[in-house]
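Some notes on the structure that comes next.
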Amino acid sequence: MALSGKVALVTGAGQGLGKGFSDILLKNGATVALLDINETVGKSAKADFDKEYGEDRTIFLKCDVTSDEQLKDAFQKTIKRFGRINIMSNNAGIVDETNWEKMVAINLNAVIRGTYLALQHMKKDTGGEGGVIVNTASIAGLAPFLLLPVYAAAKHAVVGFSRSVADASMMSGYGVRINTLCPTFVKTPLLEFLSNAGTAGQFFHLFHLVQDIEARIGIVEVPAVAEGFLQLVTDEDKNGAVMVVKEEGRSYMDFPKEFMLDLKAHIPGSETKPPSQ
Ligand SMILES: NC(=O)c1ccc[n+]([C@@H]2O[C@H](COP(=O)([O-])OP(=O)(O)OC[C@H]3O[C@@H](n4cnc5c(N)ncnc54)[C@H](O)[C@@H]3O)[C@@H](O)[C@H]2O)c1
């Protein structure tokens, strides 16, 4: 998928990974709607991008992804301004086990909301142009994380949801690919939780393990994850793919196929290719 002329919507775009994803999309020719609940970081990201790419390449929209109304409004404003949406990044996320219902609302429910809204706009059977959705999970979506059980639950759910919708989209001939990104720790403001035992909530007493966890998992920089994100956006062969980004580089998860339907046997002539794993 060439990005020139394509329109992307990125949530949590004001800083960290969302800003990195927006930057790499802009660098490769796309136009980006930057969504964030935090107006200060959102406007500052837009100002940085204005200097680098010109004012007409982005819009900033203040949006709380847990609000159905605000997210729908952001879709409408993006389409009004740029004409279409081809790429959706459901990326906004927090770490806070003490307020786990809010964390599930942002890290899982809003990813579902954003995916379904994006499908509605992109799917070819209702006149859409097709496209690609990339959901940000985490390696906490693939392995247990004893300090952050609800964070891990939400990220596991993002992986399962995204893979399932990818199959459903392919079987429905929507022409929309759905992929998932699972980075290790990434150097962003979110990592402040590593020095704030309060965020561990219920399992506060295990916080002394945090340094061992950090040493085992490792930390990558935002641009390395953004390169992986770009690959998931542009590689037309990837649907239902789950990419891990770690210090050693990036790789695709190879899940057991034991319980998976053989999709190829069921859908001849689909425009979207079957999951790659
Ligand atoms: N940093 C890491 O170590 C790491 C590792 C794996 C996965 N992730 C995931 O990557 C994603 C991005 O994290 P990050 O590290 O860039 O974090 P970050 O804190 O640097 O940035 C997150 C952005 O999301 C925004 N946001 C928070 N709640 C929101 C809401 N309700 N509506 C809209 N925007 C909201 C914040 O204002 C912020 O700008 C998250 O889903 C996170 O779980 C992060």
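The values are calculated or read from the model by the stated rules, or taken from the named source; none is laboratory data. If you're wondering where the values come from, they're calculated on a predicted model, not measured in any experiment. Note: ideal-geometry Cβ built from the backbone for every residue, glycine included; neighbour counts use all protein chains shown. Side chains included, ligands, DNA and RNA excluded: accessible areas come from the protein's heavy atoms. Shrake-Rupley method; radii C 1.70, N 1.55, O 1.52, S 1.80 Å.
Details
- Filtering region 231-259 to residues that are of a type outside the set (Phe, Trp, Tyr) and open to solvent by 70 Å² or more (accessible area, probe 1.4 Å) leaves GLU236, ASP237, LYS246, GLU247, GLU248, ARG250, ASP254, PRO256, LYS257, GLU258.
- Of the set (1) open to solvent by less than 50 Å² (accessible area, probe 1.4 Å); (2) at pLDDT 95 or above, all apply to GLU101 but (1).
Rundown of residues vs (1) more than 14 Å from the ligand (Cβ to nearest atom); (2) open to solvent by less than 50 Å² (accessible area, probe 1.4 Å); (3) assigned to a loop (DSSP other than H, G, I, E, B), yes/no style:
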| site | (1), (2), (3) |
| --- | --- |
| ALA2 | yes, no, yes |
| LEU9 | no, yes, no |
| ALA13 | no, yes, yes |
| LEU25 | yes, yes, no |
| VAL41 | no, yes, no |
| VAL65 | no, yes, yes |
| THR78 | yes, yes, no |
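- Residue selection: ARG113 fails the criterion of being open to solvent by 40 Å² or more (accessible area, probe 1.4 Å) and touching a strand residue (DSSP E or B) at 6+ places or on another chain (Cβ under 6 Å).
- Test: residue in region 207-218 that is touching a residue at least 12 places away in the same chain (Cβ under 8 Å), outside any helix (DSSP H, G or I) and within 15 Å of the ligand (Cβ to nearest atom): yes
- Picking from residues in region 116-152 that are without any contact (Cβ under 8 Å) to a residue 12 or more places away in the chain and part of a helix (DSSP H, G or I), the one that is nearest to the ligand (Cβ to nearest atom) is TYR116.
- Taking the numbered list (1) within 16 Å of the ligand (Cβ to nearest atom); (2) open to solvent by 10 Å² or more (accessible area, probe 1.4 Å); (3) farther than 21 Å from ARG177 by Cβ in turn, LEU34 passes all entries but (2).
- All told, SER164 falls short of being open to solvent by less than 30 Å² (accessible area, probe 1.4 Å) and either in a loop (DSSP other than H, G, I, E, B) or of a type in the set (Gly, Ala, Ser) (or both).
- Where a residue in region 191-202 is touching a residue at least 60 places away in the same chain (Cβ under 8 Å) and its partner, wherever it lies, is of a type in the set (Val, Ile, Thr), with Cβ under 6 Å and at least six apart: PHE193/VAL95; PHE193/THR199; THR199/VAL95; GLY201/THR98
- Taking region 171-194 as the range and being within 13 Å of the ligand (Cβ to nearest atom) and either in a strand (DSSP E or B) or at pLDDT below 90 (or both) as the test, the residues that pass are THR180, LEU181, CYS182, PRO183, PHE185, VAL186, LEU191, GLU192, PHE193, LEU194.
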